[in-house]
Amino acid sequence: MTRSSPAPDRDLALVGLLAAALAVLFAVAAILMLGAACLTALHGGPWRMPAISRWAPHALMVLAHPRRPGHALGQPWATQVSAHPAQYWIITLLILVLAAAIITAVALPTWRRFGPSTTGHATREEIHAELSPSAARSTAEWTRPSLTAAQRARVPVDEVGAPLHRGPHGE
């Protein structure tokens, strides 16, 4: 397939970058609000998150006044967060580290499994088309001509296919 202009790819990449940036900003606001809710619950207050419509203004105020993070949170969070700013930042940092660890634990194996193949290696589609069990059974007609069609369908794959090395992602 030929393209006359790289603009569609560039535009799609920019939209993806914008979506990723907005997702990061949303995640930071969520972590800041979750820190406030955890601290409030830890000190006997209600376990309640601020309304999602208030996350952006609250997060901006918390970041604008890091020594007084409860300054603009409103009740019930403002009292506890203002009284314990160091604990708030410790809890928020722990939540951030935990979230980063979970994302990393999920993203790395997912990227290895579904990400693009490195240069010089076959794509997953090419591997499946040429080296899958169904491809081995279909080529067994000429690699194992002594077997009937019914035998080729039932025999273990290692009897009709060739052993393969691991792919670029260990599959």
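Note on TRP111/ASP11: beta-carbon distance plugged into 1/(1 + (r/R0)^6) with R0 of 25 Å gives a FRET efficiency of 0.55.
Phi angles of the range 94-102 translate, via the Karplus equation with coefficients 6.51, -1.76, 1.60 and θ = phi - 60°, into HN-Hα couplings of 4, 5, 4, 5, 4, 5, 5, 5, 5 Hz per residue; Gly and Pro are given as x.
Considering only protein heavy atoms, what per residue accessible area in square angstrom results for the chain with a 1.4 angstrom probe?
70
When Rg and Dmax of the Cα atoms in Å is computed from the coordinates, the matching label among (1) 27.4, 83; (2) 14.8, 43; (3) 15.2, 46 is (1). 3J(HN,Hα) along the range 150-158, derived from phi through the Karplus expression 6.51 cos²θ - 1.76 cosθ + 1.60 where θ = phi - 60°, amounts to 5, 5, 4, 6, 9, 5, x, 4, 5 Hz, with x in place of Gly and Pro.
Counting protein heavy atoms only, the chain has 68 percent of its accessible area on carbon and sulfur, 1.4 angstrom probe.
Loop-resident trypsin sites (Lys or Arg not before Pro) (DSSP state other than H, G, I, E or B) in the range 1-67 with no more than 16 further Cβ atoms inside 10 Å of their Cβ: ARG3, ARG48, ARG67.
The values are calculated or read from the model by the stated rules, or taken from the named source; none is laboratory data. Please read all numbers here as calculations on a predicted model, not as lab measurements. Glycine gets a Cβ as well: all are built from the backbone with ideal geometry, and neighbour counts include every protein chain shown. Note: accessible area is taken over every heavy atom of the protein model, side chains too, but ligands, DNA and RNA are not part of it. Shrake-Rupley method; radii C 1.70, N 1.55, O 1.52, S 1.80 Å.
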